[in-house]
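To keep things clear, I will list the structure first and then write my remarks on it.
The values are calculated or read from the model by the stated rules, or taken from the named source; none is laboratory data. For clarity, every value in this text was computed on a predicted model and none was experimentally measured. Cβ placement follows ideal geometry from the backbone for every residue including glycine, while neighbour counts extend to all protein chains displayed. Accessible surface is based on the protein model in full, side chains and every heavy atom, while ligands, DNA and RNA are left aside. Shrake-Rupley method; radii C 1.70, N 1.55, O 1.52, S 1.80 Å.
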Amino acid sequence: MAQYKRDKRKVALYPRDLYTKLEFDKVVELLLGHCMSTLGKAQVERMRTTSDTRLIERLLRQTEEFKQLLMYEEQPFPSDNFHDLSEMLKLLRVKNTVLAQEQVFFLYQSLVSTENVLAYFSGNTKEERQEKYPNLFELIKELEVSKDLVHRIKLVMDAKGNIRDDASVELQRIRKQIIASYQDLDRTFKSVANQYKRNNWLTDNVESIRNGRRVLSVLAEHKRKIKGIVHDESSTGSTTFIEPEETLRVSNLIVELQMAERREIYKILKELTEHIRPHAEAIKDYQRILGIFDFIRAKARLAWDMNAHRPQLSRDRTVELFNARHPLLLLKNKALKKEVVPLSLSLSLADRILVVSGPNAGGKSVMLKTVGLLQLMLQNGLLVPLDDNSTMSVYRQIFIDIGDEQSIENDLSTYSSRLRNMRHFTEFSDSKTLILIDEFGSGTDPALGGAIAEAILEQLNGAFCYGVITTHYSNLKVYATNAKGIFNGCMTFDYRTLSPKYQLEIGKPGSSFAFELAKKSRLSEEIINKAMSKVDRQYKEFDHLLSTLQKEKQQALERVKAAKQKEREYTELIEKYKNLKAELDKKKKQVVLDAEEKALQQLKDRNKRFENLVKELKENKGEKQTIKQIKEEIAEDKKKTAKKIETLKDDLLYKDTDKVVELGVHVRLRNGREIGEVIELRKNQATVTFGLLKTKVKVRELVVVEKVVKQKKAVVNIYNTLHAKSEFDRNIDIRGMRRMEALKEVEDLVDRALMYNVDELKIIHGLGDGILRRSIRDMLRKYKEVKTVKDEDPQYGGAGVSIVELV
């Protein structure tokens, strides 16, 4: 808790209204708005800009941890009843004072809130939260709420702040008497009221309360008929409020008992106050802890709103801001759903002072204020809106010269006030100083002002301070180009639309684009030309060179951006094409493989049926010979199909590559599918094993393949007809059909056979006069995929059957 006391390492800030100029006071207002108690607001008011790096690091980590807690913890952090007990603590320091009932209740709620905060880091999640939020836990790890104090207050007061009936024996007795007396009063009053109501002496309301006493609402004309005490009358005088004589004794008794109750409560509170008094310092610590947690929570909520992060703190004055944003501009644009152009810049020992130039309204002042405001936020322990890989330094002095400080009261002109600031800068700046100067050298004759500004800049550079300076002066741009420790930057400008882009570009000065902006504002062409003729030739050439360079760079960047975009699109298209082709090839092979496997299974089924048929045909030897031949053909067909399946499996397991043929690699022939392994390599010839076969092949005839990851069988819907391959009948019987009908059937058969990659067909057309046979063969010659057409063996149909072999 010591880190929240006033910091002795106070930062020298100049001028005195620096907070206002950089709008840090508005950030403080936002922070106050996020506080839920006066305790947290008091901590905000005590916040000071510090140069203690260890303290800043601790404060940043505490806020970062609470931000994470808000984002990721399901259980909300305790936030109720953070009461300010400062007045109560003052009373406790005065001997014989007695705390009021409300003060004791607020104390009780504060103790419960402190217990809840401690419990948040204990229980089942104790070790987990202590590990996740070590800097928050550090605040309360040695804190303990007095259980005796909480217990003593509970004995006296209930959860709603009322004094318990059993707080003392005497109080319990008094309250019982009060209850009994009220019951007696109620009975008596109702009895009297009913009697007078029957006499029509009372109004419709019958009764009321006046001066804390129960009274009858009596019509004015009957008030003399009722004995008792008159307490009041209506504004019209038509109703008189009388306490009847019959209830006076009971009412007086109740008043006496209530006074006795108050005396007893005072006695109880006095005893309780004496028990609380020794705990005054502990209570003060509880208050401080609750205030600190409310303060940290407010900082975390503000950081959440700003998307702020904790930068790294450098020890060598290095500054690297990545995508920094002005906090107030960020929140304003966020509400308007607009984007803020981020700022990125760096300062180092080699490049300590950045000189920024560019057109008016180009964002130079906003950039300068962003740097200053983020620095103040950092050195006040606040997270800052930039990327978390950014680096910031800590300074002992922060000097700024922003805005007009003209003062009639002090007889100061704008330029005089600037010179006064520069005198302070040059006298007190050192290597631990950050300077921010807007429109450096302005306010007087440009030639003289530029010369003085250059001399001041040289002095500041010699002091090894760090800073950012904005200017329009060409001599300062030239000086920044040549001097060590100083470097140029510019706010970019779109020369096509003559509008600012609000982006900082490091490494070169920028043009003010004065004449271009004058043209955009529709100033007379004659005036612009006259002005251009009056400008010094060298200055005009220099500014023209800067603007030309900026235009050319913008054009080059646009071309590079367009080229990169096209390159990305081409790359994506090529990759997409490759993936689609590879997927299509794989699916195609998988479908064919499925069909071949199904066909093989059908062959097995047919073979089984054939075996059963053989058993039935043992008597006829000639038939047995025929069956034997059929069996051999089926076995051969089965062998071919199995071989195709293995080849297709290899196709799925291997893919072609562009690799060089080496020993041990898997290869295939350029015109083949079977996969082999290279076991010997001599010059342009390789020895390859294909299963049990070993052969020598020229290297140029080989393609290196590699295994691919086996995937689950794809569900292919490219062409539903491919799934029908296993059902495809290679035989067709066109006997009895007309010529055109038969040709159409054969044409469909050949087309489907080519689609299914079938290598042989059988067409049964019969002998007849041979017209249908010749027509079919004439048609088949038109297919380049038809390798041969021949008659079937005589024993299987001879010239009545055509066997078509496909490529």
Expected unfolding gain across ARG738-LEU669 under the 0.36 nm per residue rule, minus the alpha-carbon gap, is 20.1 nm
Whose amide H sits under 5 Å from the amide H of ILE400, counting only residues 5 or more places off or on another chain, with H placed in the peptide plane?
TYR14, LEU436
Out of residues 5 or more away from ASP791 or on other chains, whose amide H comes under 5 Å of its own, with H placed 1.01 Å from N in the peptide plane?
ILE803
In Hz, Karplus ³J(HN,Hα) per residue of region 230-238 (6.51, -1.76, 1.60; θ = phi - 60°; x = Gly, Pro)
7, 9, 5, 9, 5, 5, 8, x, 7
For ILE764 and GLN685, what is the calculated FRET efficiency with R₀ set at 51 Å and r taken between the beta-carbons, to the nearest 0.05?
0.55
What do you get for GluC sites (Glu not before Pro) in region 263-349 restricted to DSSP loop and a cutoff of at most 14 other Cβ within 10 Å of the site's Cβ?
GLU339
Interchain or long-range residues, amide H under 5 Å from ARG210's placed H
VAL215
Pairs from LYS332/LYS364; LYS581/LYS683; LYS338/LYS501; LYS581/LYS696 whose Cα-Cα separation, in the structure shown, is over 24 Å
LYS581/LYS683; LYS581/LYS696
By its C-alpha gyration tensor, with a ≥ b ≥ c as the square roots of the eigenvalues, how is region 186-335 shaped: rounded for a/c under 1.5, else prolate for a/b larger than b/c, else oblate?
oblate
Using θ = phi - 60° and the Karplus curve 6.51 cos²θ - 1.76 cosθ + 1.60, what whole-Hz ³J(HN,Hα) does each residue of region 182-193 get, with Gly and Pro shown as x?
5, 5, 5, 4, 5, 5, 5, 5, 5, 5, 5, 4
Tell me, what HN-Hα J-couplings in whole Hz come from the Karplus equation 6.51 cos²θ - 1.76 cosθ + 1.60 at θ = phi - 60° for each residue of region 248-254, using x for Gly and Pro?
4, 4, 5, 5, 5, 4, 5
Does region 736-807 come out rounded, prolate or oblate, given a ≥ b ≥ c as the square roots of the eigenvalues of its C-alpha gyration tensor, rounded meaning a/c under 1.5 and, failing that, prolate meaning a/b above b/c?
oblate
Carbon and sulfur together cover what percent of the accessible area of region 163-309 at a 1.4 Å probe radius?
47
